[in-house]
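Peer 1: Quick one: structure below, then a few questions.
Throughout, read-outs are computed from the coordinates displayed, never taken from laboratory work. Here the structure is a predicted model, which means the values were calculated and not measured. When we count neighbours, we look across all protein chains shown, and the Cβ atoms used for this are built from the backbone with ideal geometry, even at glycine.
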Amino acid sequence: MNRDWLRCFINDAACVVALVVVGTRNHDTDTGLGGVSYVAAPFLIGLVVAQLMLLMPSHKQFSLMGGAATAAITVSVGMVLRNLAFNRGTALAFVIVATVFLLATMTGWRAFTMWRERRIAAAQK
């Protein structure tokens, strides 16, 4: 397993968990491990599907386009699973919020990583 792939997966999974934790706290639902796990499961499965579908070389995983594609697939698969397999709601407002949040966070950490690596490279010259 490629370390860059694992780093992307862990950071993207943290984005999914952050979405779920914020959502469960705002809606006064089960914020325990069981509740968060149940809500996060379809999106984490969607993230695995996204990673397998994209299987990008490591330099593409860190691109903003890679983050946007990962977010789009994660939300799409997650919402379908949430509705069909987990029998949970997919209100339009939730779809929009989840899409915007995951797009911002999954591209955001990549943008920060690219910025930081450029600064480090410039400082070493």
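Peer 1: Within segment 21-31, does at least one residue satisfy the condition of being within 16 Å of Ala104 (Cα to Cα) and outside any helix (DSSP H, G or I)?
Peer 2: Checked against the condition, which is being within 16 Å of Ala104 (Cα to Cα) and outside any helix (DSSP H, G or I), segment 21-31 yields no hits at all.
A quick yes/no check of all residues on (1) over 10 Å from the mean Cα position of the chain (by Cα); (2) on the phi > 0 side of the Ramachandran plot; (3) among the polar types (S, T, N, Q):
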position	(1), (2), (3)
Ile10	no, no, no
Leu19	no, no, no
Gly46	no, no, no
Ala71	no, no, no
Asn83	yes, no, yes
Asn87	yes, yes, yes
Val100	yes, no, no
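Peer 1: Hey, among Ala41, Ala93, which residue is in contact (Cβ under 8 Å) with a residue 40 or more places away in the chain, in a helix (DSSP H, G or I) and farther than 18 Å from Asp4 by Cα? Reasoning before the result, please.
Peer 2: Working: Ala93 fails: in contact (Cβ under 8 Å) with a residue 40 or more places away in the chain.
That would be Ala41, the only listed residue that is in contact (Cβ under 8 Å) with a residue 40 or more places away in the chain, in a helix (DSSP H, G or I) and farther than 18 Å from Asp4 by Cα.
Peer 1: On to the next question. Does segment 112-122 contain at least one residue that is in a helix (DSSP H, G or I), surrounded by 14 or more Cβ atoms within 10 Å (Cβ to Cβ) and touching a residue at least 12 places away in the same chain (Cβ under 8 Å)? If you could, list the steps in order and put the result at the bottom.
Peer 2: Within segment 112-122, the first condition is being in a helix (DSSP H, G or I), and the residues that meet it are 112-122.
Okay, now just the ones that are also surrounded by 14 or more Cβ atoms within 10 Å (Cβ to Cβ), so 113.
Keeping just the survivors that are touching a residue at least 12 places away in the same chain (Cβ under 8 Å) gives 113.
For segment 112-122, residues in a helix (DSSP H, G or I), surrounded by 14 or more Cβ atoms within 10 Å (Cβ to Cβ) and touching a residue at least 12 places away in the same chain (Cβ under 8 Å): present.
Peer 1: Any residue at all in segment 88-96 that's touching a Phe, Trp or Tyr at 6+ places or on another chain (Cβ under 8 Å) and either crowded, with 16+ Cβ neighbours inside 10 Å or of a type in the set (A, V, I, L, M) (or both)? Before the answer, list the steps.
Peer 2: Residues of segment 88-96 touching a Phe, Trp or Tyr at 6+ places or on another chain (Cβ under 8 Å): none.
No; the residues of segment 88-96 include none that is touching a Phe, Trp or Tyr at 6+ places or on another chain (Cβ under 8 Å) and either crowded, with 16+ Cβ neighbours inside 10 Å or of a type in the set (A, V, I, L, M) (or both).
Peer 1: So Ser76 passes all but one of these: (1) part of a helix (DSSP H, G or I); (2) among the hydroxyl-bearing types (Ser, Thr, Tyr); (3) free of Cβ contacts under 8 Å to residues at least 24 places away in the same chain. Which condition number does it fail?
Peer 2: (3)
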